[in-house]
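*Asks:* Okay, here's the structure, questions in a sec.
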Amino acid sequence: MFTPPGAARRGGTGPHRGNGIRSGEGRYGWLFTAPAIIIIGLFLVLPIFLALWVSVSDWSGLGSPVNSQVGFVGAKNYQSVLTDGGLAEQTFGTSIRNNLWFVVFVVPLQTALALFLAVQVNRRLLRGRGFFRTAFYFPSVTSAVAITGIFLFLFASSGAVNQIIAALGGTGPTWFADSRGVFHIVAGWFGVDNNPRALSGTALLELSWWDWLSGPSVAMCVIIILVVFTTSGTFMLLFLAALQNIGAEIEEAALVDGAGPFRTFFGVTLPMLRPTLFTVLTLGLIGTWQIFDQIYILGGGKPANTTLTPAFLAYQTSFKNLNWGDGAAISFILFAIIVVLTVLQRIILRDRGNKERLDKPMARLLRNENIRSNGGAL
Amino acid sequence: VNTTALPAEVSVATTATLKTPQEIHRTGHRSAWQRYHLGQILSYAMLIIFAAIYLYPFLVALSGSFKTDADATANPLQLIPRDWSFAAYTRLFSDVPLPLWAMNSIIVTLVVTVCRVFFDSLAAYALSRLNFRGRAVIFSSLIAVMAVPNVVLLIPRFLVLKQFGMYDTYLGMIVPLIIDAGGIFIMKQFFESIPVSVEEAARIDGAGIFRTFWTIVLPMARPALVTLFILSFQGSWNEFGHFIVSTQSPGFRTLTTGIASLFSGQLGSGNQFPLKLAAAILMTIPVAVIFFIFQRKIMNTTSGGEKG
């Protein structure tokens with residue numbers, strides 16, 4: 001029934017020549033994968049090498065980046081962003097600062113909220129389970145553009161959110177125009193104002209300690225809420241799948257044995273969710289560094305560059321300021337950040353002894369491919 | 001909120017295994033029954049509040065799109081417009097080239113989705129079923145390629161499109177999107193889960209490799225194809241970054257890039273909220289329809305659902 005393995009290789013001469021059913025597989029194998037190989041090669045691998053070249057060249061944007069006029073400048077573009085002490089470095093530092101605070105707020109919030117919602121809608125005796133799951137997941141399927149537009153309306157200075165705040169007796173900020181960092185605001189309540197001397201020294205990337213410790217700006221807080229709103233549903237589904245795999249029996253056994261509800265959750269359920277928790281944290285860490293669409297629509301870093309992120313800065317530097325070398329360099333620094341975070345996460349994951357097969361987290365990741373396309377907000 | 005919810009969780013779980021609430025009630029464990037009842041009410045109240053928070057933005061947007069500019073600005077919270085106005089929708093078709101944007105979105109989404117479903121499954125079939133040299137290398141390269149974030153590719157893709165003369169063309173908008181390594185992975189996972197015997201029978205009966213794939217394997221892979229269809233449709237309909245870097249002429253604007261230009265105020269003075277909200281609502285309808293058609297499938301979170 002089967003021809004020997006060698007026949008598959010020789011089978012390249014045509015499907016009718018060999019009599020085994022494995023004949024012709026070599027040819028068809030390459031034929032079937034050819035479209036994928038060509039497109040990924042031309043629009044993914046080749047672009048990366050071209051951009052690597054641009055990041056070490058002085059290409060001005062005119063003509064092709066691979067002509068004899070374009071010179072090799074070594075690490076100059078990387079230096080201007082990382083060490084030269086100029087405006088480029090300061091802007092890059094600001095974008096890193098903004099994105100760090102964004103990560104620090106979004107990742108724990110979206111993870112906790114997603115876990116909480118998943119536990120709630122996983123209850124067997126819940127009526128309207130389908131309705132609640134749909135309600136929590138729906139924001140995840142809509143486009144970042146539409147949601148951002150709706151948030152522009154909700155958080156307008158006389159918008160819905162500020163009217164609710166006013167009804168509760170407060171005064172809402174002008175969300176999108178407020179560049180004050182939330183920790184600076186809190187410090188102001190305690191009389192610590194603009195740049196105390198102890199923190200005024202330059203720390204890193206041309207920003208002072210005071211600037212690094214600003215926290216997200218009020219405008220950035222809106223983006224944090226927006227992203228948590230759109231990603232929590234997706235991650236809820238991941239947790240829900242894991243909870244359903246665990247089943248209710250183990251929790252029930254713990255409860256019958258007299259463990260309290262908190263102990264059951266933190267002592268039994270949560271440890272069993274650890275692989276999923278790591279997946280969600282990894283996806284969160286990677287995704288939060290990719291936020292682009294929302295920043296673009298909200299005015300590209302306004303106010304005062306406090307919503308600027310490295311992903312948008314790379315775009316802006318190249319396409320608006322036409323400084324292609326710097327822009328490409330920022331892209332690769334961002335890529336390096338994401339790779340380092342992923343590797344770190346892998347190492348931690350391995351240390352904890354979670355020997356999940358590669359396929360499983362990968363399959364989850366793919367199921368949620370939409371987060372990546374959703375403006376990278378995930 | 002959290003603390004009030006958990007007792008309910010517990011009593012639900014315990015009563016479910018031990019006795020039904022009615023049984024407890026009958027046998028006279030009054031306090032347990034009351035606790036169960038109170039917990040139920042509290043946790044439902046909390047879930048309803050959360051659902052309201054998640055749905056309210058969409059409801060407010062929908063009602064806002066039927067308001068007049070002044071009404072939307074002054075009463076953003078009101079769910080029923082004071083006086084109904086369809087001006088926003090009329091203007092979308094007269095003052096704004098929405099039909100053109102929609103047309104572009106439809107063209108790009110259809111071509112990308114059809115190509116992606118076909119070419120991804122074709123490649124996945126070869127990688128999971130056909131024995132050929134280099135298969136392992138191709139597969140591991142795909143996995144490596146998947147790790148590259150889309151945002152990092154914006155500038156590189158622009159450079160290549162420009163180099164190939166595909167910048168500002170439909171070709172440049174579509175071709176880079178028609179293969180998705182993630183989709184290949186999903187299909188490969190699925191093909192590996194179906195028994196090989198049916199295909200072998202077909203091959204022995206003399207069917208060629210492509211015919212076996214097309215008439216035997218693909219119909220069996222329907223669940224995975226649907227998953228891939230949903231992901232591709234949603235992904236390309238909502239795509240933004242790639243269109244920003246692959247086009248510049250207004251004629252190539254899609255709903256995402258076109259409406260984004262509306263939001264960043266390229267339409268003149270005033271906040272014009274109803275118009276913007278109407279645009280956001282209209283662009284959400286197709287993905288919402290797909291979502292509700294395949295809702296059960298998308299929300300199916302059992303482990304089998306992961307494979308599609």
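The numbers here are math on the coordinates, done by the rules we state, and not lab data. Because the structure is a prediction, the values reported are computed rather than measured. When we count neighbours, we look across all protein chains shown, and the Cβ atoms used for this are built from the backbone with ideal geometry, even at glycine.
*Asks:* Would you compute, from DSSP H runs of 4+ residues alone, the mean residue ellipticity of chain A at 222 nm, taking -39500 (n - 2.57) per run and dividing by the full residue count, rounded to the nearest 500?
*Replies:* Values: 19 runs with 227 residues, N = 378.
Here the helix-only value at 222 nm equals -18500 deg cm²/dmol.
*Asks:* Stick to Cα atoms and the Kirkwood definition of Rh, then tell me Rg/Rh for segment B:172-221. Show your work: numbers first, answer last.
*Replies:* On the way: Rg = 13.8 Å, Rh = 12.4 Å.
Taking Rh as the inverse mean 1/r over Cα pairs, Rg/Rh reads 1.11.
*Asks:* Right, here's the next one. If you count, for every residue in B:46-57, the Cβ atoms of partner chains within 10 Å of its Cβ, what is the mean? Can you show the working numbers first?
*Replies:* Working: counts 2, 12, 4, 0, 9, 9, 1, 3, 11, 6, 2, 10.
Other-chain Cβ atoms within 10 Å of each residue's Cβ, averaged: 6.
*Asks:* Once you have the Kirkwood Rh of segment A:162-294 from its Cα pairs, apply Stokes-Einstein at 20 °C and 1.002 mPa s and quote D in µm²/s. Intermediate results must be reported in sequence, preceding the final value.
*Replies:* Numbers: Rh = 19.0 Å.
Value of D from the Cα-based Kirkwood radius: 113 µm²/s.
*Asks:* While we're here: Cut-off is 10 Å between beta-carbons; in what order do B:93, A:335 appear when sorted fewest neighbours first? Let's see the in-between values first.
*Replies:* Numbers: B:93 11, A:335 21.
Listing B:93, A:335 from fewest to most nearby Cβ atoms yields B:93, A:335.
*Asks:* Right, another one. For A:33, B:73, B:169, which order do you get if you count the other beta carbons within 10 Å of each Cβ and list the fewest first? Kindly include the intermediate steps, with their values, before the conclusion.
*Replies:* Numbers: A:33 26, B:73 20, B:169 16.
Least crowded to most crowded, the residues run B:169, B:73, A:33.
*Asks:* Neighbouring Cβ atoms within 10 Å as the yardstick, rank A:214, A:331, A:143 fewest first. Don't skip to the end; give the middle numbers.
*Replies:* Numbers: A:214 23, A:331 29, A:143 26.
With the fewest neighbours first, A:214, A:331, A:143 line up as A:214, A:143, A:331.
*Asks:* For chain A, what are the per-bin percents of Cα-Cα distances with bins 10 Å wide, up to the bin holding the maximum?
*Replies:* Calculated over all Cα pairs of chain A, the distribution is 5, 17, 24, 23, 17, 9, 3, 1, 0 percent.
*Asks:* Residue by residue through segment A:268-279, what is 3J(HN,Hα) from phi via Karplus (6.51 cos²θ - 1.76 cosθ + 1.60, θ = phi - 60°)? Round to whole Hz and write x for glycine and proline.
*Replies:* 10, 5, 4, x, 6, 8, 4, x, 5, 4, 5, 4
*Asks:* Sticking with this one: Given H placed 1.01 Å from N in the peptide plane, which residues other than close sequence neighbours of residue B:168 have an amide H under 5 Å from its amide H?
*Replies:* Sorted by chain and number, the residues that satisfy this are B:247, B:248.
*Asks:* Residue by residue through B:118-127, how many Cβ atoms from other chains fall within 10 Å of the Cβ on average? Present the calculation step by step, with values, prior to reporting the outcome.
*Replies:* On the way: counts 1, 6, 2, 1, 7, 9, 3, 4, 9, 4.
Partner-chain Cβ atoms within 10 Å, mean over residues of B:118-127: 5.
*Asks:* Now for a separate question. Please compute the modelled spin-label separation between residue A:320 and residue B:78, points set 7 Å along Cα→Cβ, answer in nm with one decimal.
*Replies:* Going by the 7 Å Cα→Cβ label model, 3.7 nm.
*Asks:* What number results when the radius of gyration of segment A:120-221, computed over Cα atoms, is divided by 2.2 N^0.38 Å? Present the calculation step by step, with values, prior to reporting the outcome.
*Replies:* Working: Rg = 19.8 Å, N = 102, 2.2 N^0.38 = 12.8 Å.
Compactness ratio reported: 1.55.
*Asks:* Let me ask another. Loop-only check: which chymotrypsin sites (Phe, Trp or Tyr not before Pro) in segment A:168-208 are DSSP coil with at most 12 other Cβ within 10 angstrom?
*Replies:* On the way: sites: A:175, A:176, A:183, A:189, A:190; in loops: A:190.
Counting only loop positions with at most 12 other Cβ atoms within 10 Å, the chymotrypsin sites (Phe, Trp or Tyr not before Pro) in segment A:168-208 are A:190.
*Asks:* May I ask you to compute the full-extension gain from residue A:90 to residue A:124, defined as 0.36 nm times their residue separation minus their alpha-carbon distance, rounded to one decimal in nm?
*Replies:* 6.9 nm
*Asks:* Which cross-chain or sequence-distant (5 or more) residues have an amide H under 5 Å from the amide H of residue A:208, H modelled 1.01 Å from N in plane?
*Replies:* Placed amide hydrogens put A:203 under 5 Å from residue A:208.
*Asks:* Sorted by packing (mean other beta-carbon atoms within 10 Å per residue), highest first, where do A:117-124, A:250-257 land?
*Replies:* On the way: A:117-124: 21.5, A:250-257: 16.0.
Highest to lowest by the protection proxy: A:117-124, A:250-257.
*Asks:* Let me confirm one metric for peptide A:325-332, namely the mean number of other chain beta-carbon atoms within 10 Å of its residues' beta-carbons. Don't jump to the answer; show the numbers that get you there.
*Replies:* Values: counts 0, 0, 2, 4, 0, 2, 7, 3.
Mean shielding by partner chains, rounded to a whole number: 2.
*Asks:* Residue-wise, which Karplus ³J(HN,Hα) couplings in Hz belong to segment B:80-91, taking 6.51 cos²θ - 1.76 cosθ + 1.60, θ = phi - 60°, and x for glycine or proline?
*Replies:* Values per residue, Gly and Pro as x: 9, x, 4, 10, 5, 9, 9, 4, 4, 5, 4, 5 Hz.
*Asks:* What fraction of the Cα pairs in segment B:42-196, stated in percent, has a spacing above 27 angstrom? Mind showing how you got there, number by number?
*Replies:* Numbers: 6678 of 11935 pairs.
Cα-Cα pairs in segment B:42-196 separated by more than 27 Å: 56 percent.
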